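Quick notes on the structure that follows.
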Amino acid sequence: RGTPGEVVRLARALGHRSGVQAMVALCLAQGIMQPILVLFLVRELGLGPAPIGLLLGLGAVGGVGGGLLVGRLIGRHGPGRTLAFGTVVSMCSLLALPFSAPGVSGAAAVVLFELAGSLGGTVMVATVYGTLQGAAQDGEVAKVMTLAGTFLQAGGLAGSFAEGALATAFGLRAATGTAAVLMLLLLLPQLVRWYTARWRIDTATAG
């Protein structure tokens, strides 16, 4: 257990880490999209229960693939390029869904969303959490990881609240488009930041 001052210090340090910022941005966009996904598939794409179950099951494939890839990517290219790869893949996940239509294009957009979203997200989480554990000071690993998880949960919760307002006021497709635009606007600057730093991310200690 840490004192309130220690918690505040760690939270501030985490808030300045670009990897954590990228993960919070991803959770914010996903928080907008996930609560309305099934409604979008039914109302906008006209899919039934069986196709929805099959398409959503692809998310597990992407997650397993990301888990298998991330160690090799970090070993070969380092955490900076690996995090950038996961970020780009995650950004691609929502590019087609706002413009999809019933039929083949809609199914393809859902496949892209599920596969790319789960693969990219898994790579991002594994890379960011790995760098946090490696940078945390002795005795603070558990606190750092708990706070990082809280940051991500807060991002997803904020997205869920925003989703309710957006979908109610403007409709499901507008909310989906907003999630896609928000993800691009929040993650592109991080990619530029990592590129200009020659793919070095958050080299300072986590605490």
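Values as computed for the structure displayed
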| read-out | value |
| --- | --- |
| Gain upon complete extension [Gln133, Ala108; 0.36 nm per residue less C-alpha separation] | 5.3 nm |
| By accessible area with a 1.4 Å probe, ligands and nucleic acids excluded, highest first: order of Met145, Met183 | Met145, Met183 |
| The range 86-167: C-alpha pair distances exceeding 21 Å, % | 48 |
| Percent carbon-and-sulfur accessible area, the range 50-133, ignoring ligands, DNA and RNA, probe 1.4 Å | 75 |
| Residue-level accessible surface for Leu184, protein heavy atoms, 1.4 Å, Å² | 50 |
| Test item: Cα-centred dipole of the chain, Lys/Arg +1 and Asp/Glu -1 on Cβ, debye | 460 |
| Residue-span extension gain [His16 to Leu185] - 0.36 nm each, minus C-alpha spacing | 59.0 nm |
| Principal-axis tilt of helix 172-196 within the chain, Cα atoms, nearest 10 degrees | 30 |
| Listed residues Val42, Leu157, Tyr195: farthest to the positive end of the dipole of the chain (Cβ charges) | Tyr195 |
| Sequence of Arg17, Arg81, Arg198 when ordered by accessible area, the most exposed leading, probe 1.4 angstrom | Arg198, Arg81, Arg17 |
| Spread of Cα-to-Cα distances over 5 Å intervals beginning at zero, given as percent, for the range 1-40 | 6, 21, 16, 14, 14, 12, 9, 5, 3 |
| Computed lengthening from Ala169 to Val42, 0.36 nm per intervening residue step minus Cα-Cα distance | 43.8 nm |
| Rg followed by Dmax, in Å, when the range 1-115 is reduced to its Cα trace | 17.8, 56 |
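The values are calculated or read from the model by the stated rules, or taken from the named source; none is laboratory data. Everything quoted here is computed from the prediction, not taken from an experiment. Neighbour counts run over all protein chains shown; Cβ positions are idealised from the backbone, glycine included. We work out accessible area using only protein heavy atoms, side chains counted, and drop any ligands, DNA or RNA first. Shrake-Rupley method; radii C 1.70, N 1.55, O 1.52, S 1.80 Å.
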